[in-house]
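Below is one structure, written out as structure tokens; the observations come after it.
The values are calculated or read from the model by the stated rules, or taken from the named source; none is laboratory data. Here the structure is a predicted model, which is why all the values come from computation and not from measurement. With ideal geometry, Cβ positions are generated from the backbone for all residues, glycine too; neighbour counts draw on all protein chains shown. Note: areas computed on protein heavy atoms with side chains; ligands, DNA, RNA excluded. Shrake-Rupley method; radii C 1.70, N 1.55, O 1.52, S 1.80 Å.
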Amino acid sequence: MPIEGAEVEQVRQALLRYAGWDQVPEETMTELCLGANLVEVKRKRSVFRRGEPGPGLFVVKSGEFKLSLISSEGREQILYLAEPGKLIGEGFLPRDVQCAASAFAMLDSEAWQFETDPVINLIGRSQPLAFALMRHMAFRANRLIDLVLDLSLRSVERRLASFLLSLAMRAGAEPGKPCVIPRQLDMNTVAARLGTVREEISRALNRMQREGILSLSRQEIVVLDLNALERVTYE
């Protein structure tokens with residue numbers, strides 16, 4: 001479904017959140033945004049799958065998507081979660097290159113899609129657009145390298161502590177004050193994101209609770225000792 005009016009400005013503002021996009025000429029941004037289509041994706045359905053041709057760029061409008069890999073045994077590794085405003089670039093590929101991962105909706109969701117060929121045409125006419133996309137791809141590549149380092153060199157408890165620390169800091173945590181983290185993700189999703197299984201996540205949470213770092217309930221995790229959580233992350 002093509003977009004128009006106020007929705008074009010919504011797309012523009014979402015892209016301007018990323019470094020380098022403010023250097024893209026206004027006329028190029030307008031042409032790019034006017035070419036977007038709104039796609040609706042039901043929960044557990046995909047916008048692209050591993051092994052398929054890339055359908056283009058996506059910006060999440062509503063809901064949430066996960067970029068993930070699933071092994072032949074059915075085990076999942078979540079590479080990242082994309083909330084509203086996030087750019088999903090792993091489907092922006094030449095026609096002869098297949099997607100390396102899959103992007104699934106975690107809820108009934110919407111995304112703005114920029115098909116590959118029109119974007120390539122614009123890149124050929126706008127060096128700033130090419131640089132903006134290059135910066136985003138480099139950022140994602142660096143994050144994936146960090147994920148590989150995490151999975152190969154850090155224990156489950158350290159990976160979980162790092163994940164909880166980032167959520168706590170996002171919630172405005174301060175040393176010496178309890179910080180509440182709502183349990184918005186189920187244990188299987190957290191495990192898939194951290195490259196392990198839910199039983200290992202449960203054991204790590206219980207260890208940190210016994211050590212007085214966390215307090216656990218079904219609805220929330222309370223960080224009681226932010227400094228101790230940080231020490232677990234980096235020890």
Mean projected area in nm² (Cα convex hull; one quarter of hull surface) for segment 1-125:
7.7
Place +1 on the Cβ of every Lys and Arg and -1 on the Cβ of every Asp and Glu in segment 1-71, take the dipole about the Cα centre, and give the residue among V60, S71, V24 whose Cα lies farthest towards its positive end.
S71
Taking only DSSP H segments of four or more residues, each worth -39500 (n - 2.57), what value at 222 nm results for the chain once the sum is divided by all its residues, to the nearest 500 deg cm²/dmol?
-13500 deg cm²/dmol
Would you mind getting me the FRET efficiency between N121 and L38? Use the beta-carbon distance for r and R0 = 25 Å, nearest 0.05.
0.75
Accessible-area order (highest first, 1.4 angstrom probe) of the listed residues I201, I123:
I123, I201
Note: D96 to E211 extended length (0.36 nm per residue) minus current alpha-carbon separation gives 36.1 nm
Just how far, in whole angstrom, is segment 1-32 from segment 114-193 if you go by their alpha carbon centroids?
22
Between A171, A111, A103, which gets the highest mean-square fluctuation from a Gaussian network model of the chain, Cα cutoff 10 Å?
A171
Against the longest principal axis of the chain, how steep is helix 127-153, in degrees 0 to 90 to the nearest 10, with axes from Cα atoms?
20
May I ask for the angle, rounded to the nearest 10°, between helix 198-210 and the longest principal axis of the chain, with both axes built from Cα atoms and the value confined to 0 to 90°?
50
